[in-house]
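The values are calculated or read from the model by the stated rules, or taken from the named source; none is laboratory data. The structure presented is a predicted model; accordingly, all values stated were derived computationally and were not measured. All Cβ positions, even for glycine, are placed from backbone atoms using ideal geometry, and neighbour counts span all protein chains on display. We work out accessible area using only protein heavy atoms, side chains counted, and drop any ligands, DNA or RNA first. Shrake-Rupley method; radii C 1.70, N 1.55, O 1.52, S 1.80 Å.
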Amino acid sequence: MTDIESVQKEGRVFEPPQGFRDQAHIKSLAEFRALYDRSIQDPEGFWAEQAKTLVWQKPWSQVLEWKPPFAKWFVGGKLNLSENCLDRHLATWRRNKAAIVWEGEPGETRTLTYLQLHREVCRFANVLKELGVATGDRVGIYMPMIPEAAVAMLACARIGATHSVVFGGFSAEALRDRMNDAQAKVIVTADGAWRRGAVVKLKAAVDAAVPAIPSVKSVVVVKRLGDDIPMSAGRDHWWHELVEAASADCPPVALDSEHPLFILYTSGTTGKPKGVVHTTGGYLLQTALSTKYVFDLKDEDTFWCTADIGWVTGHSYVVFGPLANGATTLMYEGAPNWPEPDRFWKLIAKHRVSIFYTAPTAIRAFIRWGEQWPRKHDLSSLRLLGTVGEPINPEAWMWYHAVIGASRCPIVDTWWQTETGGMMITPIPGAIATKPGSGTLPFFGVVAAVVDKDGKEVPVGDGGYLVIQKPWPSMLRTIYGDPERYAETYWKRFPGIYFTGDGARRDKDGYFWIMGRVDDVINVAGHRLGTAEVESALVSHPRVAEAAVVGRPDELKGQALVAFVTVKQGQQPSDAVRAELKEHVVKEIGAIARPDEIRFSEALPKTRSGKIMRRLLRDIASGKETLGDTTTLEDYSVLAKLREDEE
Ligand code: WT7
């Protein structure tokens with residue numbers, strides 16, 4: 001018996017368009033395979049060669065030291081991430097190239113060239129030093145999507161302070177817990193931010209949190225809104241006043257390759273959030289390299305990753321990866337549907353964005369809002385699309401391909417995690433044919449496999465546990481302050497092998513299909529089904545916008561399958577539609593996956609990064625009180641509403 005049964009039958013294949021291939025960094029599958037094979041047969045040789053694309057202040061003496069589960073990359077090497085993202089471009093024609101193009105939600109724009117960004121980073125790095133921040137200290141960043149957020153991250157990197165960004169949508173309590181765990185000395189924030197036409201009062205949350213964070217000595221506040229806010233004398237400082245007085249001369253500190261670059265907290269399902277620790281050399285190398293090859297990034301591109309800097313995607317692919325490559329990265333402060341549901345398309349047309357990277361949750365929202373919105377705008381500048389964060393259901397992929405990509409742009413469906421730091425399973429767009437819903441093949445140096453509960457590789461087509469069998473440069477190094485939890489969470493289930501927590505299968509071409517978190521697997525009459533496949537089947541019905549399936553205890557079958565469904569705008573939920581959807585799932589994947597119950601709801605509970613919280617839906621489906629951590633839930637009213645809607 002297999003561990004997770006796969007029931008999906010997607011069969012479409014999209015070869016890289018010839019025009020795209022011709023201009024790509026990697027132009028064929030053969031070329032990709034040659035590089036990949038080398039990265040696997042001689043990983044240390046491969047990574048040493050690639051590492052030469054970075055600037056090192058002192059060369060390393062050993063590429064990898066692997067004492068499972070603890071890895072060190074480029075042992076003995078010294079470098080500075082901000083030097084790699086900024087200074088090295090100043091010696092080239094890129095000095096006056098746009099590094100960051102920013103647009104605020106109200107519509108104002110700012111552009112920072114590499115030269116200007118470098119100056120701002122140096123000045124803010126000096127500000128941090130004057131506030132007593134030394135190499136090795138932690139700095140909290142609780143900011144809107146404004147250029148100063150990137151400046152603060154790079155300034156920390158410049159002096160070797162470890163930053164910990166807390167998403168600006170999180171509460172004062174969430175901020176307090178994370179900052180206490182990290183023992184931050186300084187918090188950088190703003191008076192507020194714009195979100196969906198309303199003001200988010202960041203500084204007020206900091207004021208509520210800081211009295212309970214004894215390590216914090218200073219708060220630096222960017223004036224984003226200009227509202228009158230209380231400033232606590234001696235503790236709070238205006239960013240612009242400190243920066244004005246600071247020198248722009250700040251040499252990059254030579255840091256050990258294993259110097260901790262950042263701590264980013266991910267919410268576990270139970271217990272306190274885990275502080276995922278990433279270090280400098282290996283992390284920078286894998287993010288820079290994947291940015292270049294996965295996005296086929298060129299100097300002419302305008303790159304837009306829509307993630308917030310509060311998530312790892314914002315670290316690796318809004319800030320560090322693009323800047324390390326000397327690219328132009330777009331930052332947008334606000335919501336995709338403000339003032340209208342076409343804001344993203346307007347931004348793409350206005351800034352002539354050529355590479356666009358977003359999440360399935362956003363794509364499903366665009367589908368729900370209707371294709372009249374993107375149709376209003378000239379999206380012809382786009383040449384490549386990307387997705388990350390969840391399995392993308394094939395119908396959403398097809399919509400993205402046809403409506404946004406005009407059937408012309410390849411789509412890179414990139415699988416990775418906060419813990420992996422950079423992309424792990426992903427198409428290389430000029431080389432690897434794509435299949436809707438598959439992340440295709442592992443990236444350079446990544447040895448991924450699908451195994452059963454004993455750690456043995458499962459046959460082609462069978463579901464199982466996704467594992468990574470060898471260390472990789474951008475892997476997390478530990479959980480901050482808790483190496484036992486690190487070892488326990490990721491390396492214990494399959495000793496010496498990294499367990500991702502995801503279910504997956506491989507097809508006959510070796511392509512990976514992610515089936516969702518294994519915690520979410522549903523056991524129906526002995527069949528263990530991944531959530532992603534059943535949800536895909538539901539979403540492939542023309543009336544459905546979004547679906548989440550969970551198990552509820554059932555005497556007969558072990559678990560009964562409950563589907564929470566949001567219908568598209570203009571559709572009416574009814575018993576007839578319920579019956580229609582159940583039959584549709586049977587037709588798409590078979591009788592074992594027939595939902596026992598369908599509940600319509602206007603919205604699904606999601607984390608702030610857009611992931612459906614199936615744990616909460618499980619409680620609702622089985623009539624339980626919601627237990628456990630709900631601090632990352634985006635909209636509490638959704639939970640109350642779902643309970644009211646019970647049949
Ligand atoms: C989990 C990691 C990676 C940055 C954003 C999320 C799911 C992520 C994909 C994808 C299928 C995906 C996995 C993974 N996931 N990308 N392309 N296809 N699933 O980072 O919050 O650490 O979440 O997101 O379940 O384990 P994260």
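Label ALA134 and SER61 with points 7 Å out from Cα along Cα→Cβ: what is the distance between them in nm? Placing both labels 7 Å beyond Cα along the Cβ direction yields 2.5 nm. The slack in the chain from ALA365 to LYS298, taken as 0.36 nm per residue of separation less the alpha-carbon distance, amounts to 21.1 nm. For ARG517, the residues whose amide H sits under 5 Å from its own are GLY503, ignoring neighbours fewer than 5 places away on the same chain, with H placed 1.01 Å from N. Isolated cysteines in the chain, defined as those with no second cysteine Cβ under 4.7 Å, comprise CYS85, CYS156, CYS305, CYS409. Spatial offset of the stretch 571-592 relative to the stretch 1-78 amounts to 42 Å, using the alpha carbon center of each.
The HN-Hα couplings worked out from phi for the stretch 363-374 by the Karplus form 6.51 cos²θ - 1.76 cosθ + 1.60 (θ = phi - 60°) are 4, 5, 5, 4, 5, 5, 6, x, 7, 4, 6, x Hz, whole numbers, x standing for Gly and Pro. For the peptides 97-108, 454-465, the ranking by packing is 97-108, 454-465, with the highest mean count of neighbouring Cβ atoms within 10 Å listed first. For the stretch 400-415, putting each phi into the Karplus relation 6.51 cos²θ - 1.76 cosθ + 1.60 with θ = phi - 60° gives couplings of 4, 4, 7, 7, 8, x, 6, 6, 10, 9, x, 10, 9, 9, 9, 9 Hz, in residue order, rounded to whole numbers and with x for Gly and Pro.
In this label model, ALA198 and ARG33 are separated by 5.5 nm, measuring between points 7 Å along each Cα→Cβ vector. Other residues within the sphere of radius under 12 Å centred on the Cβ of ARG178, judged by their own Cβ, net out at +1 (K and R +1, D and E -1).
If R0 is 45 Å, the Cβ-Cβ spacing of SER171 and LYS9 corresponds to a FRET efficiency of close to 0.55.
What does the charge count near ALA487 come to, summing +1 for each Lys or Arg and -1 for each Asp or Glu among other residues with Cβ under 15 Å from its Cβ? So the surrounding residues net to +2. The string of couplings for the stretch 278-294 from the Karplus curve (6.51, -1.76, 1.60, θ = phi - 60°) is 10, 10, 8, x, x, 4, 4, 4, 5, 5, 5, 5, 5, 4, 5, 8, 6 Hz, one whole number per residue in order, with x for Gly and Pro. Relative to the dominant Cα principal axis of the chain, helix 575-589 is inclined by about 80°.
One chain, two ends: GLN18 and ARG110. Fully extended at 0.36 nm per residue, the span grows by 29.5 nm beyond their Cα-Cα distance. Peptides 240-246, 217-223 ordered by packing proxy, namely the average of other Cβ atoms within 10 Å per residue, highest first: 217-223, 240-246.
Principal-axis analysis of the Cα atoms of the chain puts helix 172-182 at an angle of about 60° to the longest axis.
Please say if the stretch 38-182 is rounded, prolate or oblate, where rounded means a/c under 1.5 for a ≥ b ≥ c the square roots of the C-alpha gyration tensor eigenvalues, and otherwise the choice is prolate for a/b larger than b/c and oblate otherwise? Oblate shape, in that a/c is at least 1.5 and b/c is the bigger or equal ratio.
Under 30 Å between alpha carbons, and skipping anything fewer than 8 positions from LYS492 in its own chain: which lysines qualify? List returned: LYS67, LYS72, LYS272, LYS274, LYS453, LYS456, LYS470, LYS508, LYS606, LYS611.
Over all projection directions, the Cα-based convex hull of the chain averages an area of 26.8 nm². Per residue, the accessible area of the chain comes to 36 Å², computed with a 1.4 Å probe over protein heavy atoms only.
Calculate the FRET efficiency for ALA245 and SER381 from the Cβ-Cβ distance with a Förster distance of 41 Å, rounded to the nearest 0.05. That pair, ALA245 with SER381, gives E of 0.50. For the pair ALA487 and MET231, the difference between a 0.36 nm per residue extended length and the Cα-Cα distance amounts to 87.9 nm.
Of the solvent-accessible surface of the stretch 63-166, computed with a 1.4 Å probe over protein heavy atoms with every protein chain present, carbon and sulfur atoms account for 51 percent.
Relative to the dominant Cα principal axis of the chain, helix 29-41 is inclined by about 70°. Distance between the pseudo-spin-label points of LYS568 and LYS272 (7 Å out from Cα toward the beta carbon): 4.7 nm. When all alpha carbon pairs of the stretch 525-646 are counted in 5 Å bins from zero, the resulting P(r) reads 2, 11, 22, 24, 21, 13, 6, 1 %. Between the amide H of ILE4 and those of GLY463, GLY464, distances stay under 5 Å, these residues lying 5 or more places away or on another chain, with hydrogens modeled in the peptide plane.
Amide H contacts of GLY386 (H built 1.01 Å from N, in plane; Pro and chain starts excluded): PHE356, TYR357, THR358, VAL412 sit under 5 Å, all sequence-distant by 5 or more or on other chains. From most to least packed by mean Cβ count within 10 Å, the peptides 430-438, 54-62 give 430-438, 54-62.
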